[in-house]
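The values are calculated or read from the model by the stated rules, or taken from the named source; none is laboratory data. These numbers were taken from a predicted model, which means no experiment stands behind them. No Cβ is skipped: glycine too gets one built from the backbone with ideal geometry, and neighbour counts run over all protein chains shown. Heads up: the accessible areas ignore ligands, DNA and RNA and are worked out on the full protein's heavy atoms, side chains in. Shrake-Rupley method; radii C 1.70, N 1.55, O 1.52, S 1.80 Å.
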Amino acid sequence: IPAGEVSAESVDALRAAGWEVNSTGIAPTFRAGWSLWHSFREFAQNSLDEVGSVEVEIMRMIDTRGVDRVMTIVADDGAGFAVQSLLLGERKATTPKDVACLRGRFGEGMKIGVLPIVRSGGRIFIRTAGLDVSFIVGETTLAGQRVKALLVLTRKGPATRGTTVAIEGLDATNFEGHDLRVRLAPVLAVVRPGAVLHTVRGGPGEHDACK
C-alpha cells in the first residue's frame, strides 16, 4: 500500500491487486488541527468500547530502502466491525445507555482519525473480521472534475474476529514527549517493554450506569 497522497496510476495498481477503491467524500484538509494523538485515541477508544480493553504494541523495522520505521499496533479480540461502519455517521450509539457510555458515539472518529496519518506520509492498515481496510489520498471524479479526497481501500480478509490497526509513523510511547497509552485509560493492567494492555474499570464506560 503506498503512503500518503498517491497517483492515479497507483490507484489503478491497487485495484489490479484486488483492492476495491472508493471515495469517502472527505477532503484531505478536514480537521487540519488533528495530530497522530487523535488518530491513536480514536482507534484505541473503539477497542475500549468493544471489549473494555486494548493492547498497544510498538514495532520498529528497517524497510527495503534501509529506512528505520516505527509503527504502533492497536488491537482487541472483539467481534470486529462491519463494512457499514466505514460510512461517515454510522453510529454505534443507538440507545440512551450507549450515548452515555460509549466513547465513540457519532460514527465519525475512525474515518476522520486516519487523516493525520495519511497527511503525515504514513500508512494505515486495519484487519478486522472478514475485512482488510486501508486509506490513502487520491483523485476522484466529482461533477466531471478531478478532485482530491480521502479514499478507502477494502478487500476480503482472513481474520475471523478481533480488530488490529497498524499506524505507521507513530510511537505511542513517545509522542511529543508523552506516553499516549497513559493518557488513554485510568488503569494499566499489564505493562511490558513495548506493549501495554489498557482496561477501564467496569468495562465500557467509566461510571456505574455503564456496568
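Just a few scattered comments:
- Across region 122-146, the qualifying residues are those that are within 21 Å of the chain's Cα centre (by Cα) and open to solvent by 40 Å² or more (accessible area, probe 1.4 Å), and the one among them that is farthest from G4 (Cα to Cα) is R127.
- Enumeration of residues in region 148-166 that are surrounded by 12 or more Cβ atoms within 10 Å (Cβ to Cβ) and among the β-branched types (V, I, T): V152, T154, T163, T164, V165
- Count of residues meeting criterion [touching a strand residue (DSSP E or B) at 6+ places or on another chain (Cβ under 7 Å) and open to solvent by less than 60 Å² (accessible area, probe 1.4 Å)] in region 4-36: 14
Yes/no matrix, rows are residues, columns are (1) touching an Asp or Glu at 6+ places or on another chain (Cβ under 6 Å); (2) under 17 Å from P116 (Cα atoms):
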position	(1), (2)
E9	no, no
G18	no, no
T29	no, yes
E50	yes, no
V67	no, no
V70	yes, yes
V74	no, yes
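- Residue within region 81-89 that is touching a residue at least 60 places away in the same chain (Cβ under 8 Å), under 17 Å from the mean Cα position of the chain (by Cα), over 29 Å from Q145 (Cβ atoms) and surrounded by 19 or more Cβ atoms within 10 Å (Cβ to Cβ) present: yes
- Only a single item in (1) open to solvent by 40 Å² or more (accessible area, probe 1.4 Å); (2) in a loop (DSSP other than H, G, I, E, B); (3) at pLDDT below 85 is not met by G107, and it is number (1).
- Region 49-87, subset within 22 Å of E168 (Cβ to Cβ) and of a type in the set (D, E), residue modelled with the lowest pLDDT: D63
- Among residues of region 37-52 that are surrounded by 21 or more Cβ atoms within 10 Å (Cβ to Cβ), those with a Cβ under 7 angstrom from a residue that is β-branched (V, I, T) and part of a loop (DSSP other than H, G, I, E, B), sequence gap 6+ or separate chain, pair up as S39/V114; L48/V200.
Every residue, every condition in (1) at pLDDT below 90; (2) touching a Pro at 6+ places or on another chain (Cβ under 6 Å); (3) on the phi > 0 side of the Ramachandran plot, yes or no:
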residue: V133; (1), (2), (3): no, no, no
residue: T140; (1), (2), (3): no, no, no
residue: G144; (1), (2), (3): no, no, yes
residue: V147; (1), (2), (3): no, no, no
residue: V152; (1), (2), (3): no, no, no
residue: R155; (1), (2), (3): no, no, no
residue: T163; (1), (2), (3): no, no, no
residue: T173; (1), (2), (3): yes, no, no
residue: E176; (1), (2), (3): no, no, yes
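- Conditions (1) closer than 30 Å to N174 by Cα; (2) in contact (Cβ under 8 Å) with a residue 12 or more places away in the chain: number failed by S23: (1)
- Residue list for region 11-20, restricted to those being in contact (Cβ under 8 Å) with a residue 40 or more places away in the chain and in a loop (DSSP other than H, G, I, E, B): G18, W19
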